[in-house]
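Asker: Sharing a structure, written as structure tokens. Questions coming.
Quick note: the coordinates plus some simple rules give every number you see, no bench work behind them. Treat the numbers as computed from the prediction; the structure is a model and nothing was measured. Cβ sites come from the backbone with ideal geometry, for glycine too, and all protein chains shown count toward neighbours.
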Amino acid sequence: MPSVSLSTAKPTTATADALVIGIRHDEDKGDLTATLDLLGFTGEKSQVVVFPSNGLVRAKVIAAVGLPAEPTAEDLRRAAAQAVQSLKNVKTVAMELHAASVEDVGAIAEGVHLGSYAFTAFKSTKQDSQKGVKPLTITAVTILSAFARQTAATAAVERALTVSEAVNVARDWVNTPPGDLRPTGFADAITELAGTEVKVQVWDEKRLEKEQCGGILGVGQGSDSPPRLVRLTYSPSGATTSKDVPHLALVGKGITFDSGGLSIKPGASMQTMKLDMAGAAAVVAATVAIARLGLPIKITAFACLAENMPSGSATRPGDVLHMRGGTTVEVHNTDAEGRLVLADGLTLAVEAKPDHVVDVATLTGACVVALGNNTTGVLTNDDDFGRVVLSSAVMAGESMWQLPITEEMQDLVRSSAIADLRQHNPKPAGGTLFAAAFLREFVGDASWAHLDIAGPSFNEGSAHGHTPAGGTGVGVRTLVQIASDLAAAQ
Ligand code: BES
Ligand code: ZN
Ligand code: ZN
């Protein structure tokens, strides 16, 4: 990632290879009017045109980027990312995007870091293999802003770096081929990332057996890479008693590959199923970011890791699983595996007695049908906490929308003939609601929100704004924001 610094220098005299200037809709384009008109610049949001400066400013190249009349932080985040991506062979960049607040400065820095992301780990150095992924050449970006000398602006830039690093780690994990990131290897990678700031405990299959985590074991038993549960704990220094700071528990679905199990998926739907650990990636990355930021909040996070494979030892449709806490579940479709691993994770989370629980999961194809590829579904048993989640998402610039958990679905979840619960909706309609009604059975009266990220976790199209192709790292920014907001409300 490029370094980001702040300066009060004027755009005309800033020293850099390229100058990025935001042009707000209907703003007078001054000396650039003729050039921008010839280039067909309409000022549309995030449109970028790059042209030689011809001595108009000190930088050799100018990139003009369109902004709305009153840009939001998210508009600036996208514009910064879009501008960074349009500059090829450039090393240093000065950027003037009209930040109207310190938060805007932070958003621009995030846009730079998020827009600079490229996943190149599996590209060889052969020249024609470079098609598709182009690592950016930018090493340093200077944000030009009147806020540059304020310590709050420097802090916002530092926060942006920590959060963006976390988003990019989550993206790397999602993009890693499923054969290269199986449950045991993922648990090791999480342990390595956690370092010393966050305490890590890994339960292997023997311990999971002892702790009666029948959901995680049931999903993982068809794979020759056994399941894992990773528990992360962050307690801020200075919090001596548990009531000093709020306590947030996070739970992530970490299916390193979802073949569907014996209820096997058709080939085309299986192609992207390395994405199915994006929830675990988001909660782990967010926990580490929250710890590095030193936020005054306690976090207990659970990554429920398993590979959902068909084999002679796999769970069968018709089997009954004994979940942690004693609830029995009749399996109807082994492709609805996420809710089974989350059930154990949620029970463990509630045992830690947090103030709130959030789970993040690529849970249902139905959520993609309902909300598309850009919006996370939010389902909750506590509308007050739901509002915190939704407002934190707005602050973080992530699109989220609430869906209900209906009585109809609760009745269906409780309709198994032979076990306490049935795992799979007998009718396909409302699959997201049914899944959330199932999860709610495991949180008791704890305050809980479920984020279904099946749509936005993976971009099958090409990069846009700060969203790259492939893993997006969705959820990380909202989770960090929820933690900041809960800490600030304390
Ligand atoms: N991992 C999938 C959900 C998914 C679908 C994520 C598309 C991202 C993109 C999940 O485990 C699954 O297979 N869900 C089934 C549930 C069904 C069998 C009740 C689905 O949504 O089709
Ligand atoms: Zn599945
Ligand atoms: Zn799945």
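Asker: Counting other C-beta atoms within 10 Å, and keeping those with at most 11, which DSSP coil trypsin sites (Lys or Arg not before Pro) do you find in the range 213-298?
Answerer: Numbers: sites: R228, R231, K243, K253, K274, R292, K298; in loops: K243.
When the trypsin sites (Lys or Arg not before Pro) of the range 213-298 are filtered for loop state and at most 11 Cβ neighbours within 10 Å, K243 remain.
Asker: Separation of the range 429-458 and the range 217-279 by C-alpha centroid, Å?
Answerer: First find each Cα centre; the distance between them is then 14 Å.
Asker: Beyond 27 Å between alpha-carbons counts as too far, so tell me which of K88/K123; K199/K265; K91/K126; K29/K60 fall in that bin. Walk me through the numbers on the way to the answer.
Answerer: On the way: K88/K123 19 Å; K199/K265 37 Å; K91/K126 23 Å; K29/K60 19 Å.
The answer is K199/K265.
Asker: Could you tell me how far the Cα centroid of the range 170-194 sits from the Cα centroid of the range 300-318, in Å?
Answerer: 17
Asker: So the label point goes 7 Å from the Cα of E70 along Cα→C-beta, right? Which residues of the range 94-110 then have their backbone N under 20 Å from it?
Answerer: 97-108
Asker: Something else now. Is the range 233-363 best put as rounded, prolate or oblate by its Cα gyration tensor, with a ≥ b ≥ c the root eigenvalues, rounded for a/c under 1.5, and otherwise prolate when a/b is larger than b/c, oblate when not? The partial results should precede the final answer.
Answerer: Working: a/c = 3.85, a/b = 1.86, b/c = 2.07.
Oblate shape, in that a/c is at least 1.5 and b/c is the bigger or equal ratio.
Asker: Contour minus end-to-end for E460 and D411, with contour as 0.36 nm per residue of separation and end-to-end as the Cα-Cα distance?
Answerer: Numbers: separation 49, 0.36 × 49 = 17.64 nm, distance 3.59 nm.
Once the chain is fully extended between E460 and D411, it gains 14.0 nm.
Asker: Roughly how tilted is helix 102-115, in degrees to the nearest 10 and between 0 and 90, from the longest Cα axis of the chain?
Answerer: That helix lies at roughly 80 degrees to the long axis.
Asker: With n ≥ 4 as the cut-off for DSSP H runs, can you work out [θ] at 222 nm for the chain, using -39500 (n - 2.57) per run divided by the number of residues, rounded to the nearest 500? Walk me through the numbers before you get to the answer.
Answerer: Working: 15 runs with 169 residues, N = 490.
Result for the chain, helices only: -10500 deg cm²/dmol.
Asker: Moving to a separate point now. Can you list the trypsin sites (Lys or Arg not before Pro) in the range 60-125 that are in a DSSP coil and have 12 or fewer other beta carbons within 10 angstrom? Walk me through the numbers before you get to the answer.
Answerer: Working: sites: K60, R77, R78, K88, K91, K123; in loops: K60, K88, K91, K123.
Answer by residue number: K88.
Asker: What are the chymotrypsin sites (Phe, Trp or Tyr not before Pro) within the range 62-130 that DSSP puts in a loop, where the Cβ has at most 11 other Cβ atoms within 10 Å?
Answerer: On the way: sites: Y117, F119, F122; in loops: Y117, F119, F122.
Listed in order of number, the matching sites are F122.
Asker: For the range 3-144, what does the alpha-carbon gyration tensor say about shape, rounded, prolate or oblate, given a ≥ b ≥ c as the root eigenvalues, a/c under 1.5 as rounded, and a/b over b/c as prolate?
Answerer: On the way: a/c = 1.61, a/b = 1.41, b/c = 1.14.
Prolate, since a/c reaches 1.5 and a/b exceeds b/c.
Asker: So what's the angle, to the nearest 10 degrees on a 0 to 90 scale, between helix 73-85 and the longest Cα principal axis of the chain?
Answerer: 70
Asker: Roughly how many debye, to the nearest 20, is the charge dipole of the chain about its Cα centre, given +1 on each Lys and Arg Cβ, -1 on each Asp and Glu Cβ, and no other charges?
Answerer: On the way: 40 positive and 52 negative charges, 244 e Å.
I would put it at about 1180 debye.
Asker: What list of ³J(HN,Hα) couplings, whole Hz, do you get for the range 397-414 from phi and the Karplus terms 6.51, -1.76, 1.60, once you set θ to phi - 60° and write x for glycine and proline?
Answerer: x, 10, 7, 9, 8, 7, 10, x, 10, 9, 5, 3, 6, 4, 4, 5, 4, 8
Asker: Compute the helix-to-body angle for 183-194: its Cα long axis versus the longest principal axis of the chain, expressed 0 to 90° and rounded to tens.
Answerer: So the helix axis and the longest Cα principal axis differ by about 50 degrees.
Asker: Checking the a/c ratio against 1.5 first, then a/b against b/c, what shape does the Cα gyration tensor give for the chain? Numbers along the way, then the final one.
Answerer: Details: a/c = 2.10, a/b = 1.82, b/c = 1.15.
Verdict is prolate for the chain.
Asker: Excluding residues fewer than 8 places away in the same chain, name every one of the aspartates and glutamates whose C-alpha is closer than 12 Å to that of K298.
Answerer: Hits, sequence-local ones excluded: D244, D355.
Asker: Turning to a different aspect of this structure: Taking the simple approach of a point 7 Å from Cα along Cα-to-Cβ for both T272 and V202, what is their distance in nm?
Answerer: Between T272 and V202, the label points sit 3.0 nm apart.
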